[in-house]
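One structure is given below, encoded as structure tokens.
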Amino acid sequence: MTRWLNDDEQRAWRAFAQATRLVNDRLDRDLMRSAGMPPTYYELLVLLSEAPRRTMRMSELAHWTRSKPSRISHAVNKLEQSGWVRREHYEGDRRGWLAVLTDEGLAALEAAAPCHVESVRAHLIDALTPEQFRQLGELSQALLDHLTRAE
């Protein structure tokens, strides 16, 4: 039997869904306008910048971004063309590839980061009280825990 949403649940669900889409849309547009970089590329550069030796297996990038390997391969191709990433063979696996963040890629990330952080602040953090933001963090972590457990 279907457990339909009551009026309060429907209102909360729709507000959450719309707010999430709008926040992501604003962050994406701001990143493109300020850095000329799609959010997927920014996310990949961040992941690589935080990895040991600024290097990750392509399969790990796909896992962490919840993307298909073909999508990551396409994005890394574009990042290579920009000189921001280079690919290397993974010595432990003839079929495996590594993505390595170049110095130019790190510089591009460092140039984009301040505008991205300001966008996050403007469209999310500063729109909430400190208590609301703390609650958002707790709620988001609970959802993340639930969704990753379900995989």
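The values are calculated or read from the model by the stated rules, or taken from the named source; none is laboratory data. This structure is a prediction, so every number in the text was calculated from the model and none was measured. Counting neighbours? That spans all protein chains shown, and the Cβs are built from the backbone with ideal geometry, glycine included. Accessible surface is based on the protein model in full, side chains and every heavy atom, while ligands, DNA and RNA are left aside. Shrake-Rupley method; radii C 1.70, N 1.55, O 1.52, S 1.80 Å.
Could you check which residue among THR20, THR40, THR55 shows the biggest mean-square fluctuation in a GNM of the chain with a 10 Å Cα cutoff? Highest fluctuation of the listed residues: THR20.
For VAL120 and ARG95, a Förster radius of 25 Å and the Cβ-Cβ distance give a FRET efficiency of 0.10, rounded to the nearest 0.05.
Given [x] 15.2; [y] 15.9; [z] 17.7 as candidate values of Kirkwood radius over Cα pairs in Å, which corresponds to the one derived from the coordinates? Computed from these coordinates, Kirkwood radius over Cα pairs in Å corresponds to label [z].
Just the number please: accessible area per residue for the chain, 1.4 Å probe, all protein chains included, in Å².
72
Under 13 Å from the 7 Å Cα→Cβ point of ASP103, by amide nitrogen: which residues of segment 54-97? Within reach of a label on ASP103: no residues. Separation of segment 92-123 and segment 1-54 by C-alpha centroid, Å? Cα centres, segment 92-123 to segment 1-54: 17 Å. For segment 38-73, there are no residues whose amide N sits under 13 Å from a probe point set 7 Å from the Cα of GLN141 along the beta carbon direction.
Within the accessible surface of the chain, defined with a 1.4 Å probe on protein heavy atoms only, the carbon and sulfur portion equals 55 percent. Amide H contacts under 5 Å for TRP97: MET58, SER59, TYR90, restricted to partners 5 or more places along the chain or on a different chain, H placed in the peptide plane at 1.01 Å from N. Remark: the chain carries a charge dipole of roughly 520 debye about the Cα centre, counting +1 on each Lys and Arg Cβ and -1 on each Asp and Glu Cβ.
Rounded to the nearest Hz, the phi-derived 3J(HN,Hα) couplings of segment 67-82 under the Karplus curve 6.51 cos²θ - 1.76 cosθ + 1.60 (θ = phi - 60°) are 10, 6, x, 5, 5, 5, 4, 4, 5, 5, 4, 5, 5, 5, 4, 7, where x marks glycine and proline.
Rounded to whole Å and sorted largest first, what semi-axes of the equivalent ellipsoid does the C-alpha gyration tensor of segment 95-141 yield via the square root of 5 times each eigenvalue? Walk me through the numbers on the way to the answer.
On the way: eigenvalues 203, 60, 7 Å².
Equivalent ellipsoid semi-axes, largest first: 32, 17, 6 Å.
Per-residue ellipticity at 222 nm computed for the chain from its helices equals -23000 deg cm²/dmol, with DSSP H segments shorter than 4 residues left out and the rest contributing -39,500 (n - 2.57). Between THR2 and ALA127, the modelled label-to-label distance comes to 3.0 nm, taking each label 7 Å out from Cα in the direction of the beta carbon.
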